[in-house]
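Derivation of every value follows stated rules applied to the coordinates shown; laboratory data play no part. Everything numeric here is computed off the predicted structure, so don't read it as measured data. Backbone-built Cβ (ideal geometry, glycine too); neighbour counts: all protein chains shown.
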Amino acid sequence: MTDEIAVGDVIRLKSGGPKMTVVTIGTTQFDSEPSVWCEWFDEKNKAQEKTFHLVAVEKVDSQSESPAPPRRRAARIIKH
């Protein structure tokens, strides 16, 4: 899945929710599972940020609501 999602991509949780921008991809000191660090604006236009496991998100087309086709570019994984 890391070859489908890259820094700068727009994603959403597979269970739904707001569109979010990927700012970093890597692992945390507490978990070896690949994760994405995301930023987005909530319904009150307040900036939010959170980390999600890579398996819980999917890329979406930033101009529409539909999932985007996968890209061939590999993501860089950063170990923290």
Specify which residue in the list LEU13, ASN45, THR24 is farthest towards the positive end of the charge dipole of segment 1-53, using unit charges on the beta carbon of Lys, Arg (+1) and Asp, Glu (-1), about the Cα centre. ASN45
Amide H within-cut-off set for SER35, under 5 Å, with H built and near neighbours excluded: GLY26, THR27, LEU54
Treat each spin label as a single point 7 Å out from the Cα along the C-beta direction, and report the ALA56 to LYS44 distance in nm. 2.2 nm
